[in-house]
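This report refers to the structure that appears directly beneath it.
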Amino acid sequence: MKHIAIFASGNGSNAGAIIEYFKGHPSVKVALVVTNNPEAGVIKIAHSNKIISAIVSKNALNDPEILGRLLTALNIDLIVLAGFLQLIPAYLLERFPKRIINIHPALLPKHGGKGMYGIKVHESVLTNGDTETGITIHFVNEHYDEGEVILQKATAINAGDTPETVAHKVQLLEHEWLPQTIEKLLQ
C-alpha cells in the first residue's frame, strides 16, 4: 500500500477530490493531512474521512524531528501540496526526492512564484490578456513553482471571464487531473 500526505492551507477542495478518488483504492491510501492554518477547511475534510491531520507551525514544518518523524511513522511515499502556502524545507526535499508534487492554478512558468496563489493567479492571467490558462502539476524544489513539470492542462479564457469564472474552470481541471497524476506516479 502506498501512503499519501496532503499538505494544504485552505478549504481543501483539491484534498477532498484526492481523498474521494482514493477511497477504497486497492493500493493507495491518503494517510495524513498537514496544514499550517488552524482554521483551514481541509481539517474538517480530513476528520470526516477519518484521516489523521496535523496542524504545524512554521517551526514544526522546519523541524526534521517533528514532521519528519510523523511522515516516517506513517510510511509516507508521496507528499502532495494542494494549496499549501509555505516553502518546503530542504530536509523534506532531501528525504523525498521527486516524491513531493505541487499543483499550481496556471500554466507555469507564467503567473508563478511567491505570493501567486488562489484568486491572485487568475487576476494576473486576466490582466495579462492571456487567451488560455490551466493547471501545472510539478515536482517541488527549493523555489516556489520552479520544479520539473509533470503535467499541464489548459482551458480557454473567454470574453467576459472574471477571476471567479476562471477559478471555476481551473478547479475542474485540478479535480480531474491531480488524482489521476498521483495514481500514475505511485504505480
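Given the structure, is Ala106 out of contact with any strand residue (DSSP E or B) (no Cβ under 7 Å at 6 or more places or on another chain), aliphatic (A, V, I, L, M) and in a loop (DSSP other than H, G, I, E, B)? Write out each step before concluding.
Working: out of contact with any strand residue (DSSP E or B) (no Cβ under 7 Å at 6 or more places or on another chain): no; aliphatic (A, V, I, L, M): yes; in a loop (DSSP other than H, G, I, E, B): yes.
So Ala106 does not fit the description; no.
What are the residues in the range 76-103 that are part of a loop (DSSP other than H, G, I, E, B) and over 19 Å from Lys153 (Cβ atoms), if any?
Phe84, Leu85, Gln86, Leu87, Ile88, Pro89, Phe96, Pro97, Lys98, Arg99
The residue pairs whose first member lies in the range 144-166 and is without any contact (Cβ under 8 Å) to a residue 24 or more places away in the chain and closer than 14 Å to Thr131 by Cα, whose second member is among the small types (Gly, Ala, Ser) and outside any loop (DSSP other than H, G, I, E, B), and whose beta carbons are closer than 7 Å, counting only pairs six or more residues apart or on different chains, are Thr155/Gly134. Just one of the listed residues (Ala46, Ala40) is under 16 Å from the mean Cα position of the chain (by Cα), of a type outside the set (Asp, Glu), part of a loop (DSSP other than H, G, I, E, B) and surrounded by 13 or more Cβ atoms within 10 Å (Cβ to Cβ), and it is Ala40. Go through the residues of the range 152-159 one by one and say whether even a single one is part of a loop (DSSP other than H, G, I, E, B) and surrounded by 19 or more Cβ atoms within 10 Å (Cβ to Cβ). Yes, because at least one residue in the range 152-159 is part of a loop (DSSP other than H, G, I, E, B) and surrounded by 19 or more Cβ atoms within 10 Å (Cβ to Cβ).
In this structure, does Asn75 turn out to be touching a Leu at 6+ places or on another chain (Cβ under 9 Å), closer than 20 Å to Leu185 by Cβ and not aromatic (Phe, Trp, Tyr)?
no
Restricting attention to the range 109-151, and to residues there that are touching a Lys or Arg at 6+ places or on another chain (Cβ under 7 Å) and in a strand (DSSP E or B), which single residue is farthest from Ala90 (Cα to Cα)? Step by step, filter the range 109-151, then rank; the result is Gly134.
Residues considered: Lys98, Lys58. Of these, the only one that is under 30 Å from Ser124 (Cα atoms), modelled with pLDDT under 95 and out of contact with any Ser or Thr (no Cβ under 8 Å at 6 or more places or on another chain) is Lys58. Taking the criterion of being in contact with a Pro (Cβ under 9 Å, 6 or more places away or on another chain) and of a type outside the set (A, V, I, L, M, F, W, C), the residues of the range 105-123 that qualify are His111, Tyr117, Gly118, Lys120, His122, Glu123. Checked against (1) modelled with pLDDT of 95 or more; (2) more than 18 Å from the chain's Cα centre (by Cα); (3) surrounded by 15 or more Cβ atoms within 10 Å (Cβ to Cβ); (4) among the acidic types (Asp, Glu), Asp63 meets all criteria but (1). Contact map, the range 35-51: first residue at pLDDT 95 or above, second residue basic (Lys, Arg), Cβ cut-off under 8 Å, separation 6 or more or different chains; pairs are Asn36/Lys58; Asn49/Lys23.
Considering (1) closer than 19 Å to Glu183 by Cβ; (2) in a helix (DSSP H, G or I); (3) in contact with a Ser or Thr (Cβ under 8 Å, 6 or more places away or on another chain), the lone condition that Val33 does not fulfil carries the number (2).
Among Leu70, Leu32, which is the only one that is surrounded by 21 or more Cβ atoms within 10 Å (Cβ to Cβ) and over 25 Å from Gly113 (Cα atoms)?
Leu32
Among what's in the range 117-138 and is within 14 Å of the chain's Cα centre (by Cα) and buried (at least 18 other Cβ atoms within 10 Å of the Cβ), pick the residue that is nearest to Leu87 (Cα to Cα). It comes out as Tyr117.
The values are calculated or read from the model by the stated rules, or taken from the named source; none is laboratory data. It should be emphasised that the depicted structure is a prediction, and the values quoted were computed from it without experimental measurement. Cβ sites come from the backbone with ideal geometry, for glycine too, and all protein chains shown count toward neighbours.
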